[in-house]
């Protein structure tokens, strides 16, 4: 997902980047780790949303060169698509685990 880009083709940094995305539009190390963990949780809980998140991020890569603000919105929505289901899955796992302990 990271490819060499000449500095001439990189637009000026947007006013703010999305979580886990560097000024050049690529994932940071912490962004890669968070995307992997949340993606695995989403894969087990809500597989269709993982596909949506991947499509949103892929689209943001193609849009970044000419519209960084739109790319940032797409990346933020991809984080929502994997973050919300992951949070729900963690709550369900905690409730199920607590229920098993109380038996």
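Structure above, values below:
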quantity: Residues located in segment 16-37, provided they are crowded, with 17+ Cβ neighbours inside 10 Å and modelled with pLDDT under 80; calculated: 17, 18, 20, 21, 25, 27
quantity: Selection from segment 40-69 of residues that are surrounded by fewer than 18 Cβ atoms within 10 Å (Cβ to Cβ) and within 27 Å of residue 90 (Cβ to Cβ); calculated: 40, 43, 44, 47, 48, 51, 52, 54, 55, 58
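The values are calculated or read from the model by the stated rules, or taken from the named source; none is laboratory data. In this text the structure is predicted, and so the values were computed from the model without any measurement. FYI the Cβ positions are ideal-geometry reconstructions off the backbone, even for glycines, and counts take in every protein chain you see.
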